[in-house]
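Accompanying notes for the structure given below.
Just so it is clear, none of the values below were taken in a lab; they were calculated from the coordinates. All of these numbers come straight from a predicted model, not from anything done at the bench. Methodologically, a virtual Cβ is constructed for each residue, glycine included, from the backbone with ideal geometry; neighbour enumeration extends over all protein chains shown.
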Amino acid sequence: MAIPTNIMREAMILRLRERMADDRRIYFVSADFGAQSLDGLREDFPDRFINVGIAEQNCINICTGLALEGFSVFAYGIAPFISMRPYEQIRINLSLLSQTRPLNVNILSVGAGVSYDVSGPTHHCLEDISVMRTLPHMRVFSPCDASSARQFVDYALDTMGPKYIRLDGKALPDIYADRQADFRQGFSVLRQGTDVCLVATGVMTHTALTVAKALEGKMSCGVIDAFLLDAVDEAALAGCLGPYARVATLEEAFIGCGGLDSLVSCVLERQNLSARHTRFGFQRGFNFDNGGRLHLHKCVGIDPESLVSTLSQY
Amino acid sequence: MDTVTMKDKSRWVWRETLKIHRFCPESRIASSLSCVEILVALYYGGVLRFDPKEPFHEERDRLIISKGHGSISYYPILADLGFIDMRELDAPGTLGNKLKAIPDTLIEGYETINGSLGHGIGVGIGMALGLKAKGSQRKVFVLVGDGELNEGSMWEAIMLAGHHKLDNLCVIVDKNNLCMLDYCRNIVDLEPIEAKFQAFGWDGVTVDGHDEVAVVEALNAFKARKSGDKSLVVVAHTVKGRGVASLEADSLCHIKSLKPDAVDALLKDAAGGEDA
């Protein structure tokens, strides 16, 4: 069966497999989590693929040890488990240790937001942006498509330091097939507007594009895809947001606690911009409903229909 | 270094550790005194390969001190060997001095930061795998506390090392029998520790952790083993607060500090009134 290259993890692993063929210093460490493309990587590099078992704390620690020996390492697991179970290992051995010792560890975290919709709140991951953004030296990458995720593999290998890579679990439409993500700037302007600027990350970038199109004629919406959530070029983002009277942030994450909304509100404040800021995302509560991702979005008003309705009232 | 000289070195390290604690009473003196002879054995008994002028030299053996808080007795050794300036011992815990109550990687000789417990074996496995991949003959030693073995992350690592038969990994358990609030056996009884490691596929030996020669022999036997063996645990029986009667007798000694005059009296007794 052909590997679906519009799924972020598959695109990244395929690129990683290419790089591993040329570079013996790359390791892939899984906490017993797979992908279709991983089967080939495991076959090609049985010595540099390690399954540590269902043991995320140990996964991060082993990646640290390998990285201290000079290897570039990718840790791989399910989003809520590879981010929050080993949070203390990430804090001590990646964030803190990387301040004094060079290391390159990249956490591939699969199942951002509610992409594991029907699995319920244990498998939803709505906290990771906040908790990773608060760690010094941690690069936080939140791509909206497989192409930009694939591009990040080369950046990750060329750039030392710990990185958290927040991957959607589902296939998403391509946006960066003919566009290079600028990893110094940390965001892309996908659509110019004059009334409201929608700043989105991950799957919500697609929602933002849908909403902007639906509002054509009523309201001119700009769309910015924010993908580096720790290190966005603040002056450049302010330059893009400056002309707008209103800014809305869209994220599949808890809001009001350090996520994309915090990043944008800090930029507005520090750059002395007067745009009014509205935050769209998950209110601080868990959702036990069945009904799929769209339903979960509807519950908090971040589905396209609800957003069009809310924004129309501006 | 012969037996008598190692004993002398341990006595010197013991005295210097007390002096550090006098300056920095927040440091964990009892936990640091249980591993003096283990550290002396590692550095003066010909066990570790190291280069003080190039602490991260590729051809060094790796030592992770997982019980980081309980290793201020490592400071005098690092100064004596030239990893750090001997003058650092003059005023630990004060502004401008790199020696703190909990060590960090700004101190040359520390591979990792281990103020938080439970990390050392997993990081050591990563290093051991990395060294094997590089074709290196160097070994990884991890010094842990027995109370630290309560951390679940330790057992994740112990399971994996056993499975992969990492013959270049040696864990030394400073088995001083005490956690912070009580004896380990009254909190979570892990006896027999050696058998538990063996059940996960490790080799194990038990030694007197205050006998430098016994520690050296166990560790040199590990270094001399053939490839294809298992990981090794050395369970070193020790006494928390070793050499300080008030600490040795106190189940709460982990959190006890010694008053300056108590340290002075100990140093005077130890030196026979010579250089206290």
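At a glance:
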{"quantity": "Cα-Cα separations in chain A greater than 30 Å, expressed as whole percent", "calculated": "30 percent"}
{"quantity": "Span from the region A:152-219 Cα centroid across to the region A:15-43 one, whole angstrom", "calculated": "25 Å"}
{"quantity": "Options A:Gly40, A:Leu66, A:Val110, ranked by Cα towards positive dipole end of region A:24-125, top entry (Cβ charges)", "calculated": "A:Leu66"}
{"quantity": "Cα-based reach from B:Lys230 at 16 Å (exclusive), listing aspartates and glutamates while leaving out same-chain residues under 8 positions away", "calculated": "B:Asp167, B:Glu194, B:Asp203"}
{"quantity": "Chain A: angle of helix A:146-158 to the longest principal axis, Cα-based, in degrees nearest 10", "calculated": "50 degrees"}
{"quantity": "Spacing of the two label points (7 Å from each Cα toward its C-beta) at B:Asp264 and B:Arg49, in nm", "calculated": "4.8 nm"}
{"quantity": "Candidate lysines - alpha carbon under 20 Å from B:Lys256, same-chain residues fewer than 8 apart omitted", "calculated": "B:Lys19, B:Lys67, B:Lys100, B:Lys175, B:Lys240"}
{"quantity": "Amide hydrogen neighbours beyond the local backbone of B:Val207, cut-off 5 Å, H modeled", "calculated": "B:Val235, B:Ala236, B:His237"}
{"quantity": "Distance (nanometres) between label positions extended 7 Å along Cα→Cβ at B:Ala101 and A:Gln283", "calculated": "4.4 nm"}
{"quantity": "Assigned charges on the beta-carbon of Lys, Arg, Asp, Glu; region B:59-102 dipole about Cα centre (debye)", "calculated": "220 debye"}
{"quantity": "Fraction of beta bridges assigned by DSSP in region A:8-167 that are antiparallel (%, nearest 5)", "calculated": "5 percent"}
{"quantity": "Stokes-Einstein D in µm²/s, Kirkwood radius over Cα pairs - region B:3-270 at 20 °C with 1.002 mPa s viscosity", "calculated": "116 µm²/s"}
{"quantity": "Which of A:Asn290, A:Ala55, B:Ile65, positive extreme of dipole for the protein assembly as shown (C-beta unit charges)", "calculated": "A:Asn290"}
{"quantity": "Number of Lys pairs (Cα under 28 Å; 8 or more positions apart or on different chains) in chain A", "calculated": "4"}
{"quantity": "Computed [θ] at 222 nm, deg cm²/dmol, the protein assembly as shown (DSSP H ≥ 4; -39,500 (n - 2.57); rounded to nearest 500)", "calculated": "-11000 deg cm²/dmol"}
{"quantity": "Cα centroid separation, region B:140-175 to region B:242-263 (Å)", "calculated": "28 Å"}
{"quantity": "Size-normalised alpha-carbon gyration radius of region A:187-312, reference 2.2 N^0.38 Å", "calculated": "1.00"}
{"quantity": "Angle in degrees between helix B:152-164 and the longest Cα principal axis of chain B, rounded to the nearest 10", "calculated": "40 degrees"}
{"quantity": "Value of Rg/Rh across the protein assembly as shown [Cα atoms, Kirkwood radius]", "calculated": "1.05"}
{"quantity": "Antiparallel bridge percentage (DSSP; both residues within chain A; nearest 5)", "calculated": "15 percent"}
{"quantity": "Cβ neighbours within 10 Å from other chains - mean over A:16-27", "calculated": "1"}
{"quantity": "Cα-centred dipole magnitude for the protein assembly as shown, charges only on beta-carbon of K, R (+1) and D, E (-1), debye, nearest 20", "calculated": "640 debye"}
{"quantity": "Charge dipole of chain A about the Cα centre (unit charges at C-beta), most positive-ward option of A:Ala236, A:Ile175, A:Met138", "calculated": "A:Ala236"}
{"quantity": "Cβ-placed point charges (K, R +1; D, E -1), dipole of chain B about Cα centre in debye, nearest 20", "calculated": "520 debye"}
{"quantity": "Between helix A:56-68 and chain A: long-axis angle, C-alpha atoms, 0 to 90°, nearest 10", "calculated": "70 degrees"}
{"quantity": "Over region A:187-312, relative contact order from alpha-carbon pairs under 8 Å, at least 6 apart, %", "calculated": "27 percent"}
{"quantity": "Violating pairs (Cα-Cα greater than 23 angstrom) within the set B:Lys7/B:Lys98; B:Lys132/B:Lys165; B:Lys7/B:Lys132", "calculated": "B:Lys7/B:Lys98; B:Lys7/B:Lys132"}
{"quantity": "Beta bridges per DSSP with both ends in the protein assembly as shown, % antiparallel, nearest 5", "calculated": "10 percent"}
{"quantity": "Cα pair distances exceeding 27 angstrom across region A:8-167, given as percent", "calculated": "13 percent"}
{"quantity": "Average partner coverage of B:110-122, which counts Cβ from other chains inside 10 Å", "calculated": "5"}
{"quantity": "Nonlocal amide H pairs with A:Arg191, under 5 Å, H built at 1.01 Å", "calculated": "A:Val223"}
{"quantity": "Extension gain from B:Glu191 to B:Val4, taking 0.36 nm per residue of separation minus the Cα-Cα distance", "calculated": "64.0 nm"}
